[in-house]
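Enquirer: I'd like to ask some things about the structure below.
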Amino acid sequence: MSHRDDPRSEDGKKDQSTPARPPLPPRPTNLSFFQDNNSNRQATSSRPPTRAGLVSSATTALSTNDVNAYTRLGSVRKLRTVPSQLTSSPSMSKTASRTASDTADDSSIRSYGLASEQAQEESIFGDGLASRKNDAFGTDSGFISTHDMLEEADVPPEIDFEEEFEPVSDDIEQEEVAHEAWKAKKKHFLILSAAGKPIYTRHGSDAIISSYVGIIQTIISSYDSWNNQLRGFQAKDARFVILSQTNLFLVAISNLSESEAQLRSQLDALYTQILSTLTLPTLTHIFSVRPSTDLRRPLQGTEVLLSALADSFTRGSPSTLLSALESLRLRKSHRTVINNTMVKARVDELLYGLIVAGGRLVSVIRPKKHSLHPGDLHLIFNMLFEAEGIKAGGGESFIPICLPGFNKTGYLYMYVSFLDVGSESIRELGLDENIAKEDAVAIILLSANKESFEDLRSMKGYLVHELRKNGSMKVIHKAVQSGRPLPTDIVPGTALRHFLYKSKGNVQFFMPAFESQFSDMQSKRQLFSIYHALHASVHAKYAAVKVQHIVNSTCSALAWVTPMFELYCIASAGTSRNALAQNANKVVQYIQREEERIFLIGGAVF
Amino acid sequence: MAGRGPAGRPGAGGRFAQFKLVLLGESAVGKANQSSLVLRFVKDQFDDYRESTIGAAFLTQTVTLDENTTVKFEIWDTAGQERYKSLAPMYYRNAHCAVVVYDITQASSLDKAKSWVKELQRQANENIIIALAGNKKDIVDENPDKRAISTADAEAYAKEAGLLFFETSAKTANNVKELFTAIAKKLPLDQAGPRNLRANPRTGPLDLRPEATGQQGAGNCNC
C-alpha cells in the first residue's frame, strides 16, 4: 500500500509529474475539480480492468460519478461515449428505436412494462420520471450497448479470503511478517481522531498501524487545512474512502472492488455504531474538552461490535448494500395476530417493540407519533445478530443505546431477550448457549425510561405466553425452520442462481437461499462483488442506467431499477439476455404476488 | 446446584427466598472479569475469550443451602465501562447483596473496587451484603510473580470494611460456589421481605430527571 507516497499526490498535476513509488492513485477523486476532465478520464480508463463489472471504459460508474458530480459539461458527455447513447436515446421516440434487429430485445423489455404493475405505476410520478423510464427500458440501445460493452469486462478477480479474518500477530521480532500480513488483508477499517489518535482498527496492533495512522492523518488534515475535505482516492486496486465526522476520521481501504458510495455507507454504519454507544453530545463534548482524548476508553467493549460490522461488510452484507432489512416470510393473517398480540401486551413505558427471528423481522409496533428509522433498525440488527456479544450473554440484557435516527442526543433503553422457540417449552436461552443466528428469536423492547426494565420484562413474559397460547410461536418457528426458498422454488427451472430484491417503499429486501455453490465464504464474496458492481453501476450519480447487464465467464447478471424496486440477479454463465430478463420478470411477479407475506408492511401502530 | 430458573421452588414447608444481587467491578480491557465469574456461577462454564458485557445482563441462579432452604439470586451483571457508571445506582438500588470484583493481577483494580464499595455503603440498601472477590487466582497459582495484590492486604481491607472476602478463579471454578453460598448464608432468610420482590412496585413516582439528564453527560447543555 502506498500511503507513504500519498502526500505527494496532494495535487493532481504534481501527481502526474512526480513518478511515485509504489504506483499512486492516478488522481485523488475529489480533485477532478482542478483537472482537465479529459486527462482525468484517460487516466481512469488506463487503469487495469480489475475493478470489474462496473468497469470497462466509459461506464465506470465510479468515474462517471466523480466526473458528473462536479461538472455536467459537454466535454464530459463527449467522453462518455457509450453512456451518452444511453442518455440521449430517450429523445428518440419508442417506435424510432424499434429497429428490426432490436425486436427481440425490445419485446423482452416491453414485457417488463406489461408484466409489472409497478412499471405502470411509474408513470404516476409524472413526466420527468416517465422520460427517465424510457431511458431505462424504452431504449434498447442502452440495454444492448451496456451489454456489449461489458461483454469482456471481468467480474471481480478471484478473492483469496482464507486469511482475511486471521489476526495479525503483533510479535515484535516478526515485524516484517506482521506488516506483510497486514498489507495482505483485502479490506481495512481504521478510525482515528482528528488529533491523529488511533481509535479502532480491524486488523493489526497499534504498533503496526501507528505509522499508517500518522500518514493518513497527515494526508487528511493537509486537505482539511485547505478547506477541501478529502473524500477518497484510489491507489492501484485499493480504494480509500474517508468519512470525517465530529472529530473523527473513518477510513476504509478496500481491494474488493466496491464503489466509493458503498464504502461510504459502510463507514456511516461504523460511525452510527459509535454514536449509538456515546450519543452525539457526549462525543462532541469529549473532544471539545480535550481534543487529544483517547476515545478507546469511552468506547471500551464495543470493539467487538465494530469488528462484527466490519466483517459483515467484508463478507458481503445485503442489508448494508441495499440499506434495507429482511423480514420473515409469514402469512398476512399470522403476522396480524402477532402484531395485535404485541400491541395488547404493551406497557406504558414501551416506545418500540420488535420481534426478530433468525435475523429477520417478524413484527414491529410503534407509537403513532414516531416512525422507526430503518437505519436505527439496522443498527439494532447488527448489534444483536452480527456481533456475538449480546446473544452470547444469554439471559436478558438491558442496554442503553442511542438510535441516531430517532434522537442522536440521548439514549433509549433496550430490553433484549433471546428465546429458543424450537424446543417443546419456550424458554430463555441459557448463558452461552450456542444458537445459530438463523434460529434465534429475539424480543426487543425499547423504552425512553431507564427504569423500565421490570415493566419491559413483564411485558415480555406476557407476550411470550400469549404468543405461545395463540400458536404464533409455532408459526414463527416453522417459518424460521423452513428457511428461504431456493431460486428454483420461486421460478421452476430457472437459471437464476441468486437474486436480491429491494422493495423501496418498504425499505426491505428479499433474497432466496444460497445454493450450495455459494456455501463457502469465498464464492459468497464473489457473488457479492458482482452485486456490488451491479449496484454501483445503477447507482452512479446522474447515471441514467436503470437496467444493467453483465456477462463474464462465470455468470450472467442483471440489475434492474424502477422507482418501486431494485432487482439484482445472477444466473449461470451463458444464460442469454432474454432468458435472464424473463426470469427477472418472473421473480418480480412472484414477489408482487407474495408481497404481503414477504414484507412486513406498515407494522402495528398504537 | 439446582437447575436454573424459577423452577427451583422446593416442596411445601421449605424456605424459599429471592434476592437481588449486583456485580460490579472494573472491566478489564477487552475481556470481562466479572462476567466470567457469573458465567461460572450460573452455567458452570468458562470462556477465555469472553468479551465484556454491553449494557447489563440479567440472570438468575438458584442455590440450595440445605434440604429446606433454597435461595434464588436475580443477578445484574453490569458492564464495568465508565460510560455506564451513571446507570449503576439503578442496578444496586434495591440490591440485597453485591459482589465487587477486582483482578488480583492488576494493582489498580482494587482501588476501583474500593470506590465501588464506598459508593455502595453510602448509597445502596443499608443492610446490603457486600462480598469482595479477587478473581484470576488461577493465573497467580500458576505463576506467583503475576500477583499484584497480596491476599493479606485485600483481606485486611475487607475486614475493615465489613465485607465477605474470597479469592476466586472463574477459570478453575475455585471458590466461586463458596462465594455465592457464603452470601446466601448471610442473607436474612427468615425475613419474609424479599420473597416477592417484583410484586412490590416501587413506592411513589420516582423522580428520574436528575439522573436521566446526568446520564447523557455534560453534552446535554450543548443541545
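The values are calculated or read from the model by the stated rules, or taken from the named source; none is laboratory data. All values derive from a computational prediction rather than experimental measurement. Heads up, the Cβs are rebuilt from the backbone with ideal geometry, glycines too, and the neighbour counts pull from every protein chain shown. SASA here: full protein model, heavy atoms, side chains in, ligands and nucleic acids out. Shrake-Rupley method; radii C 1.70, N 1.55, O 1.52, S 1.80 Å.
Enquirer: Could you identify the single residue in A:Ile191, A:Ile208, A:Ile219 that is at pLDDT below 85, surrounded by 18 or more Cβ atoms within 10 Å (Cβ to Cβ) and either on the phi < 0 side of the Ramachandran plot or part of a helix (DSSP H, G or I) (or both)?
Expert: Checking each option against the conditions leaves just A:Ile208.
Enquirer: Taking A:Tyr542 as the residue in question, decide whether it is assigned by TED's automatic domain parsing to the domain that holds A:Leu580 and surrounded by fewer than 19 Cβ atoms within 10 Å (Cβ to Cβ).
Expert: yes
Enquirer: Give the number of residues within region A:241-262 that are touching a strand residue (DSSP E or B) at 6+ places or on another chain (Cβ under 6 Å) and without any contact (Cβ under 8 Å) to a residue 40 or more places away in the chain.
Expert: Of the residues in region A:241-262, 3 are touching a strand residue (DSSP E or B) at 6+ places or on another chain (Cβ under 6 Å) and without any contact (Cβ under 8 Å) to a residue 40 or more places away in the chain.
Enquirer: For the list (1) at pLDDT 75 or above; (2) among the small types (Gly, Ala, Ser); (3) buried (at least 22 other Cβ atoms within 10 Å of the Cβ), I need the number of the one condition that B:Ser52 fails.
Expert: Going through the list (1) at pLDDT 75 or above; (2) among the small types (Gly, Ala, Ser); (3) buried (at least 22 other Cβ atoms within 10 Å of the Cβ), B:Ser52 breaks only (1).
Enquirer: May I pose another question? For region A:573-606, name all the residues that are open to solvent by 50 Å² or more (accessible area, probe 1.4 Å), outside any loop (DSSP other than H, G, I, E, B) and closer than 23 Å to A:Gly353 by Cα.
Expert: Listed by number, the residues that qualify are A:Glu595, A:Glu596, A:Arg597, A:Val605.
Enquirer: Tell me, which helices (runs of 4 or more DSSP H) wholly within region A:438-511 include 3 or more residues that are assigned by TED's automatic domain parsing to the domain that holds A:Asp376, in contact with a Ser or Thr (Cβ under 8 Å, 6 or more places away or on another chain) and farther than 29 Å from B:Asp77 by Cα?
Expert: By residue number, no helices (runs of 4 or more DSSP H) qualify.
Enquirer: Hey, which of the helices (runs of 4 or more DSSP H) in region A:301-410, taking only ones fully inside, have at least 3 residues that are farther than 26 Å from A:Ser257 by Cα and within 14 Å of chain B (Cβ to nearest Cβ)?
Expert: Passing ranges, in order: A:389-393.
Enquirer: State all residues of region B:149-188 that are in a loop (DSSP other than H, G, I, E, B), over 27 Å from B:Ala17 (Cβ atoms) and open to solvent by 50 Å² or more (accessible area, probe 1.4 Å); if no residue qualifies, say none.
Expert: The answer is B:Lys171, B:Thr172.
Enquirer: Restricting to region B:61-103, give me the number of residues that are out of contact with any helix residue (DSSP H, G or I) (no Cβ under 7 Å at 6 or more places or on another chain), assigned to a strand (DSSP E or B) and open to solvent by 30 Å² or more (accessible area, probe 1.4 Å).
Expert: 2
Enquirer: Moving to a separate point now. Quick test for you: out of A:Glu326, A:Glu303, A:Glu349, pick the one residue that is acidic (Asp, Glu) and at pLDDT below 90.
Expert: Sole residue among the options that is acidic (Asp, Glu) and at pLDDT below 90: A:Glu303.
So that you can scan it fast, the table gives a plain yes or no per residue for (1) of a type in the set (Val, Ile, Thr); (2) surrounded by 19 or more Cβ atoms within 10 Å (Cβ to Cβ):
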residue: A:Gly232; (1), (2): no, yes
residue: A:Ala235; (1), (2): no, yes
residue: A:Leu243; (1), (2): no, yes
residue: A:Asn247; (1), (2): no, no
residue: A:Leu256; (1), (2): no, yes
residue: A:Ala261; (1), (2): no, no
residue: A:Asp294; (1), (2): no, no
residue: A:Thr302; (1), (2): yes, yes
residue: A:Gly316; (1), (2): no, yes
